[in-house]
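Take a look at the structure set out below.
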Amino acid sequence: MQQRKFTMISNAPSKYFVATSQVLPQILVILFSLSSLYALFFSQLFKITKVECYQDVETSCQNNFVLSAANDSLGQNLFRFDTVAAADRIKRGDPTIRSLEYKKVLPGKIIIQIQSVYATLALGTEGSNSLLILDTDFRIIKSLEQDPNVPIVRSNKSLSLRVGERIEDNSLRTQLSACLKIVSNIPGSKICKVSDDGLWVTLEDGITLAIFTTARDLGEQLSALHTIRSGITISGSSPVIDVRYLQPIIKGNN
């Protein structure tokens, strides 16, 4: 009797098919990731095409330097654009900027929000109309000749300073701080003249002169001034109240 031969047919997938089915999804994920990275960082899809610049809330930027620096971002990739370096470069070039923030808006817009520094004092020399406007750190933010609408400090020494420079002279910084405190405590006073001998402030009546020093506590000197003015009447066309000493000197010139 002839024996029958049977052929076994396996339904199991081949090793090649198994390997392909396992690796292919990973390859597709890698390819998709690479193409996405290329689209994000190198394609024209996210090229910066528009820049908006606002200064002090809703006012459009007017400074030509800021506008020129802002427009340098045009054409660059939105994701690769270094906002920190760009902001630092603008702030170094414009001392009137207190803070600067970049915002990226898809697909290709940059928004720049700038806050200006606060003018605190104006510094000038005797006999000159030119004034240097200082911020809270006594850095020069601009130069002008009209009324600065801030207290004015006038020095009897020549000044060699430029816009953007921070005043480093400790003696002058001390005098500026003292003048700012004095005029802040005497409503109506605005001009403070400084010299090695003291600080000279014309009071709100426009004729009385008060003399201070940085060698003594300013609070004590201001307190003495207020006590004198509230307790006595000083006659004369050019009264002077000198509070540099423990015993203030009062002069009433006729």
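Any read-out appearing in this document is the output of simple, stated calculations on the displayed coordinates, not a laboratory observation. Here the structure is a predicted model, which means the values were calculated and not measured. Counting neighbours? That spans all protein chains shown, and the Cβs are built from the backbone with ideal geometry, glycine included.
To the nearest 0.05, how large is the calculated FRET efficiency for Ile228 and Asp196 if R₀ is 35 Å and r is the Cβ-Cβ distance? So the FRET efficiency works out to roughly 0.90.
Ordering Leu161, Leu78 from the fewest to the most neighbouring beta carbons within 10 Å gives Leu161, Leu78.
Scalar couplings 3J(HN,Hα) for the stretch 226-243, obtained by applying the Karplus form with A = 6.51, B = -1.76, C = 1.60 to θ = phi - 60°, are 5, 5, 5, 5, 7, x, 9, 10, 9, 8, x, 7, 9, x, 10, 10, 9, 9 Hz; x denotes Gly and Pro. Extending 7 Å from Cα along the Cβ direction at Glu126 and again at Ser238 yields two label points whose distance is 1.2 nm. Panel order for Ile141, Ile167, by other beta carbons found within 10 Å of each beta carbon, from fewest to most: Ile167, Ile141.
The fewest-to-most ranking of Ser73, Ser155, Ser60 by surrounding Cβ atoms within 10 Å reads Ser60, Ser155, Ser73. As a calculated quantity, the FRET efficiency between Val105 and Val163 at R0 = 35 Å, using C-beta atoms, amounts to about 0.60. Full extension of the chain segment joining Ser184 with Thr59 gains 42.0 nm, where the gain is 0.36 nm per residue of separation less the Cα-Cα distance. Once the Cα-Cα distance is subtracted from the 0.36 nm per residue extended length, the Arg98 to Leu144 segment shows a gain of 14.6 nm.
The mean of 1/r over all distinct Cα pairs in the stretch 121-253, once inverted, gives the Kirkwood hydrodynamic radius of 15.3 Å. Within the shell defined by Cβ-Cβ distances under 15 Å, the residues around Thr202 carry a net charge of +1, with Lys and Arg each +1 and Asp and Glu each -1.
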